[in-house]
Amino acid sequence: MSTAMNFSSKSFKPRPPDKGAFPLDHFGECSAFKERFMKCLRDSGYESGACRQRAMAYLECRMERRVQLMANEPLEKLGFKDLIDEKSEAKPEK
């Protein structure tokens with residue numbers, strides 16, 4: 001009985017990362033946003049709900065950068081619908 005595996009018969013097909021996995025920010029384009037978010041987490045005892053505004057700003061930074069740090073995704077789909085609604089309500093009408 002042969003138990004040898006033949007790896008050459010299978011070919012590897014790369015696929016894009018799942019949502020939530022994105023390239024590292026090698027040039028530090030969003031590091032200021034990241035640092036504000038991390039400071040908020042430390043100050044709040046790692047209560048992430050208290051830092052949602054900063055998390056949203058960090059993700060917006062990543063989506064806006066020219067080197068495609070993250071695919072553009074509506075913030076509503078990322079769990080920030082309530083914050084967007086608050087922001088639009090706070091704007092004065094013209």
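The values are calculated or read from the model by the stated rules, or taken from the named source; none is laboratory data. Small disclaimer: the values here were computed from a predicted structure and weren't measured. Because the Cβ atoms are built from the backbone with ideal geometry, glycine has one as well, and the counts that use them run over all protein chains shown. Ligands, DNA and RNA are stripped out before the accessible areas are found, and what is left, the full protein with its side chains, is counted by its heavy atoms. Shrake-Rupley method; radii C 1.70, N 1.55, O 1.52, S 1.80 Å.
Assorted remarks:
- Candidate set from region 47-67 (those that are farther than 16 Å from PHE37 by Cα and not in a helix (DSSP H, G or I)); member that is modelled with the highest pLDDT: ARG65
- Residues being part of a loop (DSSP other than H, G, I, E, B) and open to solvent by less than 50 Å² (accessible area, probe 1.4 Å) - total across region 30-46: 2
- Close Cβ contacts (under 7 Å, 6 or more residues apart or on different chains) running from residues in region 41-60 that are of a type in the set (A, V, I, L, M, F, W, C) to residues that are buried (at least 16 other Cβ atoms within 10 Å of the Cβ) and in a loop (DSSP other than H, G, I, E, B) comprise MET56/PHE80; LEU59/MET70.
- If you go through region 68-77 and keep only what is open to solvent by 50 Å² or more (accessible area, probe 1.4 Å) and at pLDDT 75 or above, you end up with ALA71, ASN72, PRO74, GLU76, LYS77.
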